[in-house]
1. For a quick check of your reading: which helices (runs of 4 or more DSSP H) sit entirely within region 1-116 and have at least 2 residues that are over 28 Å from G198 (Cβ atoms) and at pLDDT below 95?
2. Does A121 satisfy the criteria of being of a type outside the set (D, E) and surrounded by fewer than 16 Cβ atoms within 10 Å (Cβ to Cβ)?
3. Determine whether region 14-35 contains at least one residue that is exposed (fewer than 15 other Cβ atoms within 10 Å of the Cβ), touching a residue at least 24 places away in the same chain (Cβ under 8 Å) and within 30 Å of V156 (Cβ to Cβ).
4. Quick test for you: out of L62, L49, L70, pick the one residue that is more than 30 Å from K150 (Cα to Cα) and touching a Cys at 6+ places or on another chain (Cβ under 6 Å).
5. Given the criterion within 12 Å of the chain's Cα centre (by Cα) and of a type outside the set (V, I, T), identify the matching residue among L62, L49, L69.
6. Can you pull out the helices (runs of 4 or more DSSP H) entirely within region 126-201 that have at least 2 residues that are surrounded by 16 or more Cβ atoms within 10 Å (Cβ to Cβ), in contact (Cβ under 8 Å) with a residue 60 or more places away in the chain and of a type in the set (A, V, I, L, M)?
Amino acid sequence: MKSSTGKKVRYLTVTAMLAAVAFVLQFLEFVVPFMPGFIKLDLSDLPALIGAFAMGPVCGVLIECVKNLLHMSVSTTGGIGEICNFFMGACYVLPAGIIYKHHKTKKVAIEASFIGAISMAVLSFPINYFVVYPFYITVFFGGDTETCVKMYQAIVPSVNELWQCLLFFNVPFTFVKGMVCVLITLLIYKRISPVLKGVRS
């Protein structure tokens, strides 16, 4: 009984701790040279991926949920951005966590993360096209889609439609973002995993 209670306490503690780290990482954004200035890179999915590997896929999803609930307190999108961020993040860490849970090897971790990154990138297209960009274009571009597209055209003049911008810029960017988190996870996971799991070396 005590062992079971202890595991639950550790699970909740680790989830809360990683969610707090993810929340902080959302504010540490980096400008990406090959993307329009309003798109920035953050590594807030990193703690969720680590949590999914260390404590299971549900933990990763919970971290994504708590992170975005916290971020709603400072949201500039009325919660729309956070809801979309949650769905994309969950689509990233859930398959990665499920696959890794059954075969805990480095090779499987890489393959699982790759699948998760692809899932997130694919999902980013409909979410951005039908939800996020209509909101941002209305609020920040006065409803003028052409102005938004021109920011992409400054990088690649051949793109003429919003869907082209998202397909050729945002989808690959989302995939690369996921793989950056994978790389960092692979570099640090073995060192921090015993601490998260409470395993004595």
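The values are calculated or read from the model by the stated rules, or taken from the named source; none is laboratory data. Here the structure is a predicted model, which means the values were calculated and not measured. Note that we place each Cβ from the backbone using ideal geometry, even for glycine, and neighbour counts take in every protein chain shown.
1. On the way: elements: 2-25, 46-55, 57-71, 80-102.
Helices (runs of 4 or more DSSP H) meeting the threshold: 80-102.
2. Spelling it out, it is not the case that A121 is of a type outside the set (D, E) and surrounded by fewer than 16 Cβ atoms within 10 Å (Cβ to Cβ).
3. Step one: of region 14-35, the residues exposed (fewer than 15 other Cβ atoms within 10 Å of the Cβ) are 16-17, 24, 27-31, 33-34.
Then keep just the ones that are touching a residue at least 24 places away in the same chain (Cβ under 8 Å); that gives 16, 34.
Checking which are within 30 Å of V156 (Cβ to Cβ) leaves us with 34.
There is at least one residue in region 14-35 that is exposed (fewer than 15 other Cβ atoms within 10 Å of the Cβ), touching a residue at least 24 places away in the same chain (Cβ under 8 Å) and within 30 Å of V156 (Cβ to Cβ).
4. Details: L62 fails: touching a Cys at 6+ places or on another chain (Cβ under 6 Å); L70 fails: touching a Cys at 6+ places or on another chain (Cβ under 6 Å).
Testing whether each residue is more than 30 Å from K150 (Cα to Cα) and touching a Cys at 6+ places or on another chain (Cβ under 6 Å) leaves just L49.
5. Working: L62 fails: within 12 Å of the chain's Cα centre (by Cα); L69 fails: within 12 Å of the chain's Cα centre (by Cα).
Matching residue, one of L62, L49, L69: L49.
6. Numbers: elements: 133-140, 145-153, 162-165, 171-197.
Of the helices (runs of 4 or more DSSP H) lying wholly inside region 126-201, those with at least 2 residues that are surrounded by 16 or more Cβ atoms within 10 Å (Cβ to Cβ), in contact (Cβ under 8 Å) with a residue 60 or more places away in the chain and of a type in the set (A, V, I, L, M) span 171-197.
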